[in-house]
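FYI, it's all coordinate maths here, none of it is from the lab. For clarity, every value in this text was computed on a predicted model and none was experimentally measured. Positions of Cβ are generated from backbone atoms using ideal geometry, with glycine treated the same way; all protein chains shown enter the neighbour counts.
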Amino acid sequence: YLPHRFQVISRHAIHRVNTNLYRLFNLSQLIYKHISMALQSKKSSSLFISQQKLLSYTFMDPTKNRGEMEGIDHRMVSVNGITMHIAEKGPKEGTVVLLLHGFPDLWYTWRHQITALSSLGHRAVAPDLRGYGDSDSPECFSEYTCLHLVGDLVALIDSVSGDQEKVFLVGHDWGAIVGWYLCLFRPEKIKGFVCLSVPYKPRNPKVKPVEGFKAVFGDDYYICRFQEPGKAEREIACADPRRVLKNIFIGRELGPPILPKDNPFGAYPNPNCEQVKLPEWFSKEDLDYYVSKFKKTGFTGGLNYYRAMDLTWELTAPWTGAKIQVPVKFMTGDLDMVYTTPGVKEYIHGGGFAADVPNLQEVVVIEDAGHFANQEKPQEVTAHINDFFTKLQDNYKSF
């Protein structure tokens, strides 16, 4: 990683340092490709990071180099009737990589990937999605259906892609869900999709989503508890947004998230929880940034995604039985609350996922990573993203 003394030298010197480290990264990528060829003979559908230590390249350690935020440009873009904030970095001629965040998150979740991918020649673009951060936040949940969200992204792609007919896509949590819809509705715009945490879930024509969740997990399942407008917002305010955000980001609860009606977000502090220190990958400055944004906007925009799920179900009847046809790479942490929810592992590894996503090319399970693997294990995640997109790009060039 970059030692502290490098953080105070001139920007020109920093550029020289990063250039040399980037050359080292290229060498590690070459070695990694040879190892990958050897590993292919194992024919495993799931790849653990411990098997490929070289993926932990150290051309940049984001937790040590706070200067990584330098050079990220911010601007507002008019899309689909709203104004959207985007963060971007990389050469204008670079292949666009669109990075979609989840709940409760922001463009900021991709800060490590933006810097790393741009250094590899990509043009990384990370928006605050509708309802988040500095983007517009319509009040009514009916304005948060998949059609609204995909409409935003299609307009954004048209705005930033220039002469590029297709872009690469990365999504996490709700960003993954929106990414699946984008691939379903407009596959001609996507070269390849790296999905983190949430696998594709085909539409069930027999039951609405919220009703189905209640039947399986009960009324206290978090999605069910989010349905009543204003209620979750009041509970979060009572518990203190800072405490809620901290618990969500660094928590390692396994299985389906349950929010008991009594003290769902920790309004009554637990002394044991209060003493938990922030991990190295999530600093006080990171938490401060999230708190500053959500104190300004509140949580209604993000919660409206959940409140529009049944409406989205109604609107997507024509796509019942449709499959995802774009090339896909799926990644999850082995401690992710989604991955450890009953039935999810069986779907991912048992053939159901591959049947619904015929062009699923790889499933990666990252050891000792929770829900926010892109922040917890940024080097590994970025290496997998770049490797997948590089292979796809080479395939496109061969035609």
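The table below gives the values:
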quantity: Distance violations [Cα-Cα > 22 Å] among LYS191/LYS391; LYS231/LYS295; LYS166/LYS201; LYS89/LYS246; calculated: LYS166/LYS201; LYS89/LYS246
quantity: Additional length obtainable on full extension of the chain from ALA215 to GLU233, 0.36 nm per residue less Cα span; calculated: 4.0 nm
quantity: Using a Förster distance of 30 Å, the FRET efficiency for GLU253-MET69 (Cβ separation, nearest 0.05); calculated: 0.50
quantity: Segments 291-299, 88-96 sorted - mean Cβ within 10 Å per residue, highest first; calculated: 88-96, 291-299
quantity: R0 of 22 Å, Cβ-Cβ distance ASP163-GLN361: FRET efficiency to nearest 0.05; calculated: 0.25
quantity: Ranked by how many other beta carbons lie within 10 Å on average, peptides 330-338, 304-312 from highest; calculated: 330-338, 304-312
quantity: Residues MET76 and LYS206, FRET efficiency given R0 of 35 Å [Cβ-Cβ distance, rounded to 0.05]; calculated: 0.25
quantity: Burial order of peptide ranges 255-262, 170-177, 350-357 (average beta-carbon count within 10 Å, highest first); calculated: 170-177, 350-357, 255-262
quantity: Surface/4 estimate of mean projected area, convex hull on alpha-carbon atoms of the range 139-231, nm²; calculated: 7.3 nm²
quantity: Potential extension, LYS277-TRP319 segment - 0.36 nm per residue separation minus Cα distance; calculated: 10.6 nm
